[in-house]
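Working notes, structure below.
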Amino acid sequence: MARSTLYQQVASELRRAIYSGELGPGDQLPTEADLMQVYGVSRNTVRLALGELVNEGLVTRTPRRGTVVRDRRPLLLYPQRELAPQPSRAPREAFAYAVSQEGREPSQVIDVAIVEPPEEIATRLELADGEPVVVRRRLRFVDGQPYNTNDSYFPHAIVADSEIARPGDILRGANRVLEELGHPQVRVVDDISARMPTPTESLRLELEPGTPVMEHVRVGYDPDDLPVRVAVSVLPADKHLIRYELDRH
């Protein structure tokens with residue numbers, strides 16, 4: 001029997017155990033020596049099988065714990081709900097509110113700067129050459145694990161004297177601040193694409209080899225149809241499910 005067929009069979013058996021729940025998130029797979037004995041195969045065959053599961057995002061390999069089943073529960077995102085009113089008893093920004101609704105713990109690291117925006121951002125915000133923006137760069141965590149990045153760009157002329165231009169979290173969310181400044185977002189345009197991550201993104205998000213990402217670019221417009229925010233989110237494909245609900249009017 002060909003070696004490729006052997007390692008695929010071993011991978012198939014382990015995959016079945018993961019999908020059936022026999023091996024759950026955090027469970028440790030048998031050692032290479034144990035797998036060699038159970039399946040009567042060589043160490044190289046076992047390593048090929050485990051490598052296939054790593055590439056599929058089902059397991060992760062660490063020096064101390066060996067091969068462990070990954071938590072594959074994706075974060076369910078409803079982009080159309082971002083601008084919807086939230087219960088007054090829990091005024092939290094959209095991401096934190098969505099995560100907490102799933103019974104999970106959100107956190108984030110925020111960096112705020114005034115910069116000359118990349119050409120694509122300047123074009124989307126309809127800015128003149130050299131016109132600065134305030135950018136709020138966020139690395140977001142769910143239950144202590146890095147989940148996605150979100151970089152939000154705002155015209156400096158609009159937000160210069162607001163909380164948006166200052167470091168730190170905005171509990172009620174930047175969208176609410178824009179509304180208080182007289183620029184509520186009444187229309188948004190979304191672009192969603194898939195690609196492989198950059199080396200920097202792989203490092204920051206602790207991605208397994210071969211994990212693709214989705215890039216979600218949202219442009220928000222005020223009642224005068226002026227673009228007031230561009231948000232660029234990088235979402236690892238194995239950790240997110242984007243769901244849109246469309247009503248027929």
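The values are calculated or read from the model by the stated rules, or taken from the named source; none is laboratory data. Keep in mind that this is a model prediction, so the values were computed, not measured. FYI the Cβ positions are ideal-geometry reconstructions off the backbone, even for glycines, and counts take in every protein chain you see.
For the criterion of being out of contact with any strand residue (DSSP E or B) (no Cβ under 8 Å at 6 or more places or on another chain) and modelled with pLDDT of 95 or more, residue 245 fails.
For the range 22-37, the set of residues classified as of a type outside the set (D, E, K, R) and in contact (Cβ under 8 Å) with a residue 24 or more places away in the chain consists of 23, 24, 25, 26, 28, 29, 31, 35, listed by residue number.
Sort out for me the strands (runs of 3 or more DSSP E) sitting completely within the range 203-249 that have 3 or more residues that are crowded, with 16+ Cβ neighbours inside 10 Å and not β-branched (Val, Ile, Thr).
Strands (runs of 3 or more DSSP E) meeting the threshold: 213-221, 227-236.
Of 53, 58, 35, which residue is outside the structural domain of residue 209 (by TED's automatic domain parsing), over 18 Å from residue 239 (Cα atoms) and out of contact with any Asp or Glu (no Cβ under 8 Å at 6 or more places or on another chain)? Residue meeting the stated conditions: 35.
Per-residue answers, yes or no, for (1) touching a Phe, Trp or Tyr at 6+ places or on another chain (Cβ under 9 Å); (2) of a type in the set (Asp, Glu); (3) farther than 24 Å from residue 154 by Cβ:
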residue: 203; (1), (2), (3): no, no, yes
residue: 206; (1), (2), (3): no, yes, yes
residue: 229; (1), (2), (3): yes, no, no
residue: 246; (1), (2), (3): no, no, yes
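Candidates 140, 136: the one that is in contact with a Ser or Thr (Cβ under 6 Å, 6 or more places away or on another chain), surrounded by 14 or more Cβ atoms within 10 Å (Cβ to Cβ) and not in a helix (DSSP H, G or I) is 136. Taking the criterion of being outside any loop (DSSP other than H, G, I, E, B) and out of contact with any Ser or Thr (no Cβ under 9 Å at 6 or more places or on another chain), the residues of the range 192-202 that qualify are 192, 193, 194, 195, 199, 200. Taking the criterion of being of a type outside the set (A, V, I, L, M, F, W, C) and within 16 Å of residue 57 (Cβ to Cβ), the residues of the range 17-43 that qualify are 19, 24, 25, 26, 27.
For the range 200-218, the criterion of being touching a Pro at 6+ places or on another chain (Cβ under 7 Å), more than 14 Å from residue 125 (Cα to Cα) and basic (Lys, Arg) is met by at least one residue.
Among the residues of this structure, residue 126 counts as one that is surrounded by fewer than 16 Cβ atoms within 10 Å (Cβ to Cβ), touching a residue at least 24 places away in the same chain (Cβ under 8 Å) and within 23 Å of residue 188 (Cβ to Cβ). Counting just the residues of the range 70-83 that are part of a loop (DSSP other than H, G, I, E, B), of a type outside the set (A, V, I, L, M) and closer than 30 Å to residue 186 by Cα, which one comes out nearest to the chain's Cα centre (by Cα)? The extreme case among them is 74.
For first residues located in the range 215-228 and within 10 Å of residue 190 (Cα to Cα), partners that are at pLDDT 95 or above and not in a strand (DSSP E or B) and lie 6+ apart or on another chain with Cβ distances below 6 Å form the pairs 219/124; 220/185.
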